[in-house]
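Since the structure comes first, as structure tokens, the remarks are kept for the end.
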Amino acid sequence: MAAQLGRRLRKGATSGAVVAAAVAALAASQAPDMIPPAADNAGGDRAIGAGDTATPPADDSATGDSPYFTELPPLNTPNKPGATTNLPVITGPAEAGIPASVLSAYKRAEASIRSSDPACNLPWQLLAGIGKVESGQARGGGVDANGTTLSPILGPALNGVGFANISDTDGGAYDNDKTHDRAVGPMQFIPSTWATWGQDANGDGKKDPNNIYDAAQAAGLYLCANDRNLALKADLDRAVLSYNRSTEYLNTVLSWFDYYKRGTHQVPDGTGVLPVDRSDDPGRGDRPSPTPPFTHLPTTPPPTTPSKKPVAPEQKPSEPSKPAKPTPPTTDPSKTPTDPTTPPTTKPTKPTPPTTTPTVPPAVKVARITPVTTGPLTTTTGNAFGKAPTVAALDASGAPVAGVSIRFEIAGTTDARFAGGATTATVTTGSSGMAASPALRAGEKLGSFTVKATVVTRTLPAAEFTATVTAREADTLTRVGSEVLSATTGAGFTQQVQAKATDKGVLAPGVLVTGEIVTSKTATDPSADGPYFKGEAGTTARTATFTTDANGLITLASGALLAGDKAGTYFLKLTAHGGGSVFVELTVEAAPTTEPSTPEPTPSASDSPAATSSPSPSSSTSSSPSN
């Protein structure tokens, strides 16, 4: 901490020139590509001049512009550029250390958001910069095994006195204040903002602003809002200013952001370095930090004043000309008298080395992970699996290890997804060492796939679960209606056919149903003639498949069945996946036949009565007798 430039930025007590010079020096030594901000007003709370590359949003900020820590990072470079150390061996400046659970939450949020919004280019180091400035990395990592702060982190009441004036919006549910809102949790969300952006990133069924996993995920989504690309300086500035509308805040966050990009190392939870100076405590200088005005950090008792070194008693030298008169001994002459000129001293005790061993990150303790969920994981299409893949993290002795980040991943060709539509999820083991994946739901694709569970940051063998998706089922099919179905050969059935599918008494949507034309209820094969399903021209298909609708119904519209050319009695057999079946009788009647009428023959000229009854004049003449 001694290497820090000027140690701190102070609201109201640091001139704009000093602020600009400090950040410019930090940028020159650590971030060659950082543009030093222009000098602003003394407080640094309004964007002034060309130094700001973004305009703060007009709406409320995520934190309600609550106070924040103004301490700058040290000038010495942590570890290697870009390196992150997860081993228990600590190297580099103490300020580069990030508590294990907090670091895990930042990285998990980055991975999650990069998978859902890759164009945002969210870096976890930006979340770390904001977390440092807002809460000192959750009070130095003061969180439990699930990532929830050991006690709530609350900002001051936003009552308009030095801060924004925000009346209560949550009934005190998050901030325990029913009059005004307060910023809550390690990322300091005001309740109204949390109501919109709150997340359940650790899968415990709660959206808790005091949980570092939930809060980091929400902060990442908030920063990526409005289609921002955080790889662009202008969008990066806009995102940070939307979190807290202060130029000094922007400069401080970006300083820590760049510092963490140059390297960090993991430290045990509860051992992170706590910042001191805050933006709401002007004029502190380099004097000891007073008690914080609100509960961002626990108070620290003042150091005890060391006792003074014993002073040797003053003695008067004896006169050389007169020997000192012997004084009768008052003590045992066999014992050596105490030299009166030597002050009494107490031999310093040798400091006792600490008996506690350094805290080892939970992941390092894990020797293996073993499946807890047993039996097959099966469900039907579109439904949730009855149980979630669950594993236990164990050390070498077989004891459970709490606080371990377990990554669940869906592998194989499937459209099954975890809650929220993700294919991966990271869950922290509880006190029993167990972690269960979020709820797993099947898609519409049939078949098997694998869920793998691994320890984050470790290369231990994965625990694997096989999950199987089968088709939806119906154990009962019932015809709707009782109308007689009949048609004449060569025509179509004009009546509608409808059947309802249920499974265990509940309507069964999405169930596959096979339809067959058979000659009897005992026939095992489709009929070779008779009725058939209307299909493409020239086809006489006597087998077809259907899917029940949202109400569990299948419907064959009028004309969907044709009678064929052979009269007789047939059956439409409907069979659902799951065993339900029903028969619908089909009657085909022969078309009526009519004898064709015989036409009257047309008489020829020789057969004409007129020709035979009317003698020609010549015959008449010849038949008359001669005289």
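The values are calculated or read from the model by the stated rules, or taken from the named source; none is laboratory data. None of these values were measured; they are calculated from a predicted model. All Cβ positions, even for glycine, are placed from backbone atoms using ideal geometry, and neighbour counts span all protein chains on display.
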>> Can you pull out every residue in region 99-149 that is within 10 Å of residue 186 (Cβ to Cβ) and among the acidic types (Asp, Glu)?
In response: 134
> When the residues of region 368-384 are filtered to those that are small (Gly, Ala, Ser) and over 19 Å from residue 427 (Cβ atoms), which remaining residue is surrounded by the most Cβ atoms within 10 Å (Cβ to Cβ)?
Replying inline: 382
>> I want to confirm something. Restricting to region 206-227 and keeping residues that are assigned to a loop (DSSP other than H, G, I, E, B) and in contact (Cβ under 8 Å) with a residue 40 or more places away in the chain, which single residue is farthest from residue 130 (Cα to Cα)?
In response: 227
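Yes/no matrix, rows are residues, columns are (1) closer than 30 Å to residue 505 by Cα; (2) in a strand (DSSP E or B):
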residue: 379; (1), (2): yes, yes
residue: 422; (1), (2): no, no
residue: 435; (1), (2): no, yes
residue: 450; (1), (2): no, yes
>> Quick check on my filter: what residues within region 112-149 are in a helix (DSSP H, G or I) and either among the hydroxyl-bearing types (Ser, Thr, Tyr) or without any contact (Cβ under 8 Å) to a residue 24 or more places away in the chain (or both)?
In response: 112, 114, 115, 116, 118, 124, 135
> Do we have any residue at all in region 469-478 that's on the phi > 0 side of the Ramachandran plot, assigned to a loop (DSSP other than H, G, I, E, B) and not aromatic (Phe, Trp, Tyr)?
Replying inline: no
> Can you name the residue in region 557-573 that is in a strand (DSSP E or B) and out of contact with any Phe, Trp or Tyr (no Cβ under 8 Å at 6 or more places or on another chain) and, of all such residues, is farthest from residue 521 (Cα to Cα)?
Replying inline: 568
> Within region 520-552, which residues are free of Cβ contacts under 8 Å to residues at least 24 places away in the same chain and in contact with a Ser or Thr (Cβ under 7 Å, 6 or more places away or on another chain)?
Replying inline: 526
> What number of residues within region 385-411 satisfy the criterion of being small (Gly, Ala, Ser) and either free of Cβ contacts under 8 Å to residues at least 24 places away in the same chain or exposed (fewer than 14 other Cβ atoms within 10 Å of the Cβ) (or both)?
Replying inline: 6
> Is it fair to say residue 203 is surrounded by 24 or more Cβ atoms within 10 Å (Cβ to Cβ) and either assigned to a helix (DSSP H, G or I) or touching a residue at least 60 places away in the same chain (Cβ under 8 Å) (or both)?
Replying inline: no
> What about residue 521, is it buried (at least 18 other Cβ atoms within 10 Å of the Cβ) and in the same structural domain as residue 549 (by TED's automatic domain parsing)?
Replying inline: no
> Which of (1) surrounded by 19 or more Cβ atoms within 10 Å (Cβ to Cβ); (2) in a loop (DSSP other than H, G, I, E, B); (3) not acidic (Asp, Glu) is the odd one out, the single condition residue 173 does not satisfy?
Replying inline: (1)
> What tally of residues in region 382-420 results from selecting those that are over 23 Å from the mean Cα position of the chain (by Cα) and part of a loop (DSSP other than H, G, I, E, B)?
Replying inline: 6
> Out of all the residues in region 495-509, which are among the aliphatic types (A, V, I, L, M) and closer than 15 Å to residue 581 by Cβ?
Replying inline: 497, 499, 501, 508
> So, of the residues in region 183-195 that are touching a residue at least 40 places away in the same chain (Cβ under 8 Å) and of a type outside the set (Phe, Trp, Tyr), which turns out to be nearest to residue 219 (Cα to Cα)?
Replying inline: 187
> Which one of these is at pLDDT 85 or above and on the phi > 0 side of the Ramachandran plot: 136, 92?
Replying inline: 136
